[in-house]
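Below: the structure, in C-alpha cells.
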Amino acid sequence: MKVLVVGSGGREHAIVWALSKSPKVTELFCAPGNAGIAQLATCVPITATDVDGMVTWAKENKMDFVMVAPDDPLALGMVNALTEAGIPAFGPTKEAAVIEASKAFSKELMHKYHIPTAKYATFTDMEKAIAYVHEQGAPIVVKADGLALGKGVVVAATEEEAVDAVKSMMEDNKFGASGSTVVIEECMTGPEVTVLCFADGEHIAPMPSSQDHKRAFDGNEGPNTGGMGAISPTPYYTPEIAERCVKEIFEPTMAAMKAEGRAFKGVIYFGLMLTPEGPKVVEYNARFGDPECQALLMRLDTDLMEILEACVNGTLDQLDIQWKQDASCCLVLASGGYPAHYEKGKVIDGLDQVQDAVVFHAGTAAKDGQIVTNGGRVLGVTALGSDLEMAIQNAYKAAKPIHFDQMHFRNDIGHAF
C-alpha cells in the first residue's frame, strides 16, 4: 500500500515510525513532514491545512490510504474531501471533528447526554462572561471555544487572572476567531488522565492510559504548552476506574455522536479528571495527543496499519489489539522561550549518540547537512522500561547526549501530578 500521513510534528513522526514497520505498507509519504520523518518517508511540501492541495496530490500519486493526524485539517474537512475523491482516509469527518473544534459543542453534547463533566457556561458577550467570573469566584477555568494549539485554556487561581484571560481572548483576539466564544468552567480537582480510543463509528478500543504534562516548567509551573512530556500508563487509572469510564463516558460519547448524525471514526481523546465524585471529562480531542502518541505507539504490538484500516472499514470489533507490558516515557526537548517567543535554526548535536530510545522529531529541519531546530517543541525522547520509574530513567538517560543552544526541558516528567 502507498500511504500518506498528514502533519509535521512528533506525533506524525511516531505514526510514520509505526507504519514503517507494517508489512502492508510498501511506500510511505508525509506532508509536510520534518527532518526525522524524512529518514523513514518521502516528505511532500504541502501544508497540513491545504485540503485541496493534499487531495490533488493524493489522487495524482495514487495513494491507497491517507492518515490525517492534526486537528486543523480534520476540522477543515480533509477526511470528507479525501473520501469524496475515493481515497480511504483515517480520521473523523468535519462533522465529527467538531467535538474538538468547538468546546461549546462538546459541553452541550455532554450536558444533553448526561456525560459527567464540569459545570459550565458559554459566552459570546465579554461583559456577561466577566460578570459570571465574579459571580462564581476562583479558582475557575477559561477556555477559548475553538482550536488554539492546545494553549487556549487558562486555569485561573484568582478572579483577576480569569478576567484577564477573558479579555485576552475576547477583546485582544489572542486566539483569533477561536476566542470569540468562551466557555467558563468550575475548576475540578483530582489527578488528570488521558485515555485515547480507536473508534470505527460504532465500536471503540481503548488504548492504555497516559498522562501529559502541559505546563512549561517543573512543578507544573508556567504557561500551558502543547505538552512537555508524557507517560504511559498512569498509576491512577485502575481497572475499576477504567470500567467506569467505558460505561459512563466512552460508550455514551460514541452513542451520542452517532445519535447526532456525527458518527466518530478515528482516534478520540478523552482528557479526564478523576474527581472525588468519580471520573469526569475535561476535554475531547479528535486525534492522537502529542506527546501521548509517542509514548503509546512505543507500546503498541499490533500492526498500526491494520488498526487504521479496521477503523475506516467499521471492523474494529474483529481486531484483538495487543500492547507491551512495558511502561513508556516521552521527554520533550524544547526551544528556549517556548511557548512564547523562541529562535529557530539552532544546530542539534548528539542525536547519533542516543541509545535505548527512539527520538521523535517535532520541530526540526535539515540545513547544510545538519539537523536544526524549527519549532517550539523540538524532539521527543521516548523510552520503554519494565516499570514506569525505569521508563522515566531511561528517557532522561537517553536525552543526555543531545544538545542545542537554549534547549530546555522539564526534570519531573512522570513525577508531577
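Test Pro92 against the criterion of being part of a loop (DSSP other than H, G, I, E, B), touching a strand residue (DSSP E or B) at 6+ places or on another chain (Cβ under 7 Å) and buried (at least 24 other Cβ atoms within 10 Å of the Cβ), and give yes or no. Yes. Taking segment 341-359 as the range and being within 12 Å of Lys400 (Cβ to Cβ) and loosely packed, with under 13 Cβ neighbours inside 10 Å as the test, the residues that pass are Gln353, Gln355, Asp356. Cβ-Cβ distances below 7 Å connect the following pairs, each with a first residue in segment 365-393 that is within 18 Å of Arg11 (Cα to Cα), a second residue that is of a type in the set (Asp, Glu) and surrounded by fewer than 22 Cβ atoms within 10 Å (Cβ to Cβ), and a separation of six or more residues or different chains: Ala383/Asp356; Leu384/Asp326. None of Asp356, Asp326 is under 25 Å from the mean Cα position of the chain (by Cα) and at positive phi except Asp356. Number of residues in segment 5-23 that are more than 18 Å from the chain's Cα centre (by Cα), free of Cβ contacts under 8 Å to residues at least 60 places away in the same chain and open to solvent by less than 50 Å² (accessible area, probe 1.4 Å): the value is 0. Only one of the listed residues (Phe288, Phe270) is more than 18 Å from Phe409 (Cβ to Cβ), in contact (Cβ under 8 Å) with a residue 60 or more places away in the chain, within 19 Å of the chain's Cα centre (by Cα) and part of a loop (DSSP other than H, G, I, E, B). That residue is Phe288.
Note on segment 360-407: residues that are under 21 Å from Ser328 (Cα atoms) and open to solvent by less than 40 Å² (accessible area, probe 1.4 Å) amount to 17.
I'm trying to understand the selection: among the residues of segment 343-364, which are of a type in the set (A, V, I, L, M, F, W, C) and touching a Gly at 6+ places or on another chain (Cβ under 8 Å)? Break it down into steps so the answer makes sense when it comes.
To start, the set of residues in segment 343-364 that are of a type in the set (A, V, I, L, M, F, W, C) comprises 347-348, 351, 354, 357-360, 362.
If the condition is that a residue be of a type in the set (A, V, I, L, M, F, W, C) and touching a Gly at 6+ places or on another chain (Cβ under 8 Å), then Val359, Phe360, Ala362 are the ones that fit.
Set side by side, the residues Val358, Val354 differ, and just one is in contact with a Pro (Cβ under 7 Å, 6 or more places away or on another chain), in contact (Cβ under 8 Å) with a residue 12 or more places away in the chain, farther than 24 Å from Asn220 by Cα and not polar (S, T, N, Q), which is Val354.
Restricting segment 120-157 to residues that are farther than 20 Å from Met188 by Cβ and among the β-branched types (Val, Ile, Thr), the residue that is least open to solvent (accessible area, probe 1.4 Å) is Ile130. For segment 39-57, the condition holds for at least one residue, the condition being that it is under 29 Å from Lys367 (Cβ atoms), part of a loop (DSSP other than H, G, I, E, B) and small (Gly, Ala, Ser).
With respect to the conditions (1) over 17 Å from the mean Cα position of the chain (by Cα); (2) closer than 25 Å to Gly345 by Cα, Thr26 lacks only one, and its number is (2).
Checked against the criteria, Lys62 counts as of a type outside the set (Phe, Trp, Tyr) and open to solvent by 20 Å² or more (accessible area, probe 1.4 Å). Please determine, by comparing only the residues of segment 159-178 that are crowded, with 16+ Cβ neighbours inside 10 Å and of a type in the set (Asp, Glu), which one is nearest to the chain's Cα centre (by Cα). Filtering segment 159-178 for residues that are crowded, with 16+ Cβ neighbours inside 10 Å and of a type in the set (Asp, Glu), the one nearest to the chain's Cα centre (by Cα) comes out as Glu161. Scanning segment 233-255 for residues that are within 26 Å of Pro92 (Cα to Cα) and either surrounded by fewer than 19 Cβ atoms within 10 Å (Cβ to Cβ) or in contact with a Cys (Cβ under 8 Å, 6 or more places away or on another chain) (or both) turns up Ala242, Glu243, Arg244, Val246, Lys247, Glu248, Phe250, Glu251, Pro252, Ala255. Within segment 24-45, being touching a Phe, Trp or Tyr at 6+ places or on another chain (Cβ under 7 Å), surrounded by fewer than 21 Cβ atoms within 10 Å (Cβ to Cβ) and free of Cβ contacts under 8 Å to residues at least 40 places away in the same chain holds for Leu40, Thr42.
The values are calculated or read from the model by the stated rules, or taken from the named source; none is laboratory data. As the structure is a computational prediction, the values presented were derived from the model and not from experiment. Neighbour counts are summed over all protein chains in view; Cβ atoms, including those assigned to glycine, are modelled from backbone coordinates with ideal geometry. Just so you know, the surface numbers come from the protein's heavy atoms only, side chains and all, with ligands and any DNA or RNA stripped out. Shrake-Rupley method; radii C 1.70, N 1.55, O 1.52, S 1.80 Å.
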